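Read the structure below first, then the notes.
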Amino acid sequence: MADSPLPRVRLPATAAQPACDLPAIGQGTWYMGEGLAPRRDEVRALQQGLELGLTLIDTAEMYADGGAEEVVGEALAGRRDSAFLVSKVYPWNAGRDNAIAACERSLSRLGTDHLDLYLLHWPGSIPLEETLEAFERLRESGKIRRFGVSNFDVDEMEALAGVPGGGDCAVNQVLYHLGSRGIEHSLRPWQRRHAMPLMAYCPLAQAGGLRRELLTHPEVLDLAAGLGVTPAQLLLAWAIRPVEGRRDVFAIPKAVQREHVTQNAAALAIELDDEALARLDAAFPPPKRKVPLDIV
């Protein structure tokens with residue numbers, strides 16, 4: 001993929017892959033393929049996002065029982081090389097042989113011969129050693145380029161790091177937004193020490209009361225108005241903000257409407273100064289102690 005001036009996050013090199021820089025905002029697909037919006041609109045939104053530089057696309061076998069992967073596959077027909085493609089495997093499909101079969105089903109729905117990144121969707125009962133063995137076989141066969149995890153807290157990341165090959169984990173995808181900052185106490189610092197980026201799902205919060213609260217909070221509204229951006233753009237810019245000079249979070253909002261895709265891409269250009277960040281910290285304080293990992 002071509003170099004871009006957009007803010008980027010680095011996936012570190014592994015034994016099999018060189019380091020890779022990707023735009024800090026990508027595209028999520030949770031709830032796509034469920035008939036909540038016309039399929040053509042979902043396909044068009046993903047293609048529009050690619051054209052605007054949102055080249056990371058995240059999906060999962062769980063989403064619409066594979067329906068979201070089919071939407072992504074349609075969007076990527078004839079343009080697979082323009083995307084960094086991520087999918088996820090159910091924990092109960094993450095066994096030595098089952099993970100191979102699950103990945104092959106995902107590849108078939110996506111209409112591609114490889115994934116750029118394959119994630120264990122959340123911790124399960126299958127030993128991590130067995131899952132990593134399957135991931136390594138998939139990598140050796142060229143069906144995946146990197147592997148990672150999702151919804152892992154610090155203890156699970158420590159356990160993963162202790163498994164042979166666990167150090168090659170590329171990313172941990174977790175819930176993260178201005179109203180859910182629990183990972184900042186222990187998990188994000190752990191990952192920063194290990195040079196492992198985070199991927200933030202639901203960076204605008206899940207639809208419902210909390211999202212409304214965030215998007216209509218007086219401080220968010222005032223800061224957004226002062227910058228000439230939307231509240232959603234402000235929240236995305238906050239999620240991907242550099243910390244101590246280093247940008248290490250990808251945000252993967254889902255969008256179907258044209259204007260939302262355009263606004264998500266434009267959020268990459270928003271810089272929040274120290275005063276804005278301090279005001280947001282005062283309104284939504286960072287955690288002072290370890291809290292359970294927030295999951296939806």
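A short reminder: the numbers here are calculations on the coordinates, not readings from a lab. Given the structure is predicted, the values throughout are model-derived calculations rather than measurements. Note that we place each Cβ from the backbone using ideal geometry, even for glycine, and neighbour counts take in every protein chain shown.
In deg cm²/dmol and to the nearest 500, what is the mean residue ellipticity at 222 nm of the chain if only DSSP H runs of at least 4 residues count, each as -39500 (n - 2.57), divided by the residue total?
Computed mean residue ellipticity for the chain: -11000 deg cm²/dmol.
Please give the contour-minus-distance gain from Ala283 to Ala195: 0.36 nm per residue of separation, less the Cα-Cα distance, rounded to one decimal in nm.
Stretched out fully, the Ala283 to Ala195 stretch lengthens by 28.8 nm.
Can you say what percent of the DSSP beta bridges in the chain, counting only those with both residues inside, are antiparallel? Round to 5.
Close to 20 percent.
May I ask you to list the lysines whose Cα is less than 24 Å away from that of Lys88, ignoring any residue fewer than eight positions away on the same chain?
Answer for Lys88, where 24 Å is the Cα cut-off: Lys143, Lys254, listed by chain and number.
Test of understanding: in a Gaussian network model of the chain with alpha carbons linked when under 10 Å, which of Gly148, Gly28, Gly228 would top the mean-square fluctuation ranking?
Gly228
Between Glu51 and Gln257, with labels modelled 7 Å along Cα→Cβ, what's the label distance in nm to one decimal, could you check?
Each label point lies 7 Å from its Cα, and together they span 1.9 nm.
Please work out whether the range 207-293 counts as rounded, prolate or oblate from its C-alpha gyration tensor, where a ≥ b ≥ c are the square roots of the eigenvalues and a/c under 1.5 means rounded, while otherwise a/b larger than b/c means prolate and anything else oblate?
rounded
Hey, which aspartates and glutamates would be in cross-link range of Lys290, C-alpha to C-alpha under 18 Å, not counting anything within fewer than 8 residues on its own chain?
Within the straight-line cut-off, Lys290 pairs with Asp153, Asp155, Glu156, Glu158, Glu184, Asp281.
Working only with C-alpha atoms, what are the Rg and Dmax values of the range 1-145, expressed in angstrom?
Cα-based Rg and Dmax for the range 1-145 come out at 15.1, 43 Å.
What is the gain in length, in nm to one decimal, between Val291 and Ala19 on full extension, counting 0.36 nm per residue of separation less the C-alpha to C-alpha distance?
Separation in residues times 0.36 nm, less the Cα-Cα distance, equals 94.7 nm.
If you restrict to DSSP beta bridges whose two residues both lie in the range 147-279, what percentage is antiparallel, to the nearest 5?
20
For the range 1-101, what is the percent of antiparallel DSSP beta bridges, rounded to the nearest 5?
50
Below 9 angstrom from the Cβ of His185, what's the summed charge of the other residues (Lys, Arg +1; Asp, Glu -1)?
On the way: positive: Arg181, Arg188, Lys288, Arg289, Lys290; negative: Glu184.
Net charge around His185: +4.
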